[in-house]
Amino acid sequence: ALFEQLVKICQLEAQTKRRKFRFRHPVVSLDSTVIPLCLSIFDWAAYTRTKGAVKLHTVLDNRSFLPCFAVMTNGKTSDIQVARGLKFEAGTILVMDRGYEDHRWWEKLTQAGVFFVTRLKDSTSYGIAAGRSHSGDPILRDEVIIVEKKKGMKGPLRLRRIEIWVQETKSTIAFVTNNFKLAAATIADIYRDRWQIELLFKALKQSLRIKTFIGTSENAVQTQIWTALIAMLLLRYLQLRSTWKWSLSNLVALLRH
């Protein structure tokens, strides 16, 4: 409850901050991170035969770098299982990795007016329906694809596939989206912005120290992780209110000192 109250306060403070994209669609990233636990001590958190873990599933508001939703599960819970229960406002652009590929869920998102940007698994088959004009380098392809209908779907899934050249890695990467209006380069930039949620997980694990735990019960572990999330919101609030451009790591170091 405290986490949710702080999210609302921080969102109000962040309204005039970070505006990377010109469009007004809210951009959010969905991902999870595994927090390893010693199975011999945390016997309730069985993950594999020899390891224990809990999984933190998070939705990040990319524009304000605010975690706006979080839920903890055991390590075995799949990402897509949690994702299917989430609700997003129409017009939201949801960014996620290929672990969230579920064509029936994608169809429901499309029907609800929610856009998504993600990648297909290598094993996914599709047909190319039409090519689209594009600006060229680094955009290699911009095409309409059809993913075959699966049980429970109303029809085949019509998506847009964008392939780009990544100069840093000297390789190509392809995205799919149900948004046919934004420029291909913008779609690529949206997917790159998914890195924000990786930075959040890194900050939680390193700056707020959720690698070691004070208690060993499930309630103790969850309390410590929620406390870290609340602390993250407080740090973001300080960042948003400050006239000095603090980095999160420097702000944590100052407060610790």
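The values are calculated or read from the model by the stated rules, or taken from the named source; none is laboratory data. Please read these numbers as outputs of a predicted model, since none were measured by experiment. Every residue, glycine as well, gets a Cβ built from its backbone with ideal geometry; the counts of neighbours run over all protein chains shown. Areas reflect the complete protein model, heavy atoms only, side chains present, ligands, DNA and RNA absent. Shrake-Rupley method; radii C 1.70, N 1.55, O 1.52, S 1.80 Å.
Overview of results
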{"item": "Average accessible surface area per residue within the chain, 1.4 Å rolling probe, Å²", "result": "56"}
{"item": "Hull volume in cubic angstrom per residue (convex hull over the Cα atoms of the stretch 155-210)", "result": "127"}
{"item": "GluC sites (Glu not before Pro) within the stretch 116-172: DSSP coil, no more than 13 neighbouring Cβ in 10 Å", "result": "GLU148, GLU168"}
{"item": "Accessible-area composition of the chain, carbon plus sulfur, in percent [1.4 Å probe]", "result": "53"}
{"item": "Solvent exposure ordering (accessible area, 1.4 Å, most first) of HIS134, HIS57, HIS257, HIS25", "result": "HIS257, HIS134, HIS25, HIS57"}
{"item": "C-alpha center-to-center spacing [the stretch 201-257, the stretch 71-149] in angstrom", "result": "31"}
{"item": "Accessible area in the full protein assembly, largest first, 1.4 Å probe, for ASP193, ASP61", "result": "ASP61, ASP193"}
{"item": "Reach of LYS76 by Cα under 17 Å, taken over aspartates and glutamates that are not fewer than 8 positions away in the same chain", "result": "ASP31, ASP43, GLU218"}
{"item": "In the stretch 125-219, chymotrypsin sites (Phe, Trp or Tyr not before Pro) in a DSSP loop with at most 16 other beta-carbon atoms within 10 Å", "result": "TYR126, PHE180"}
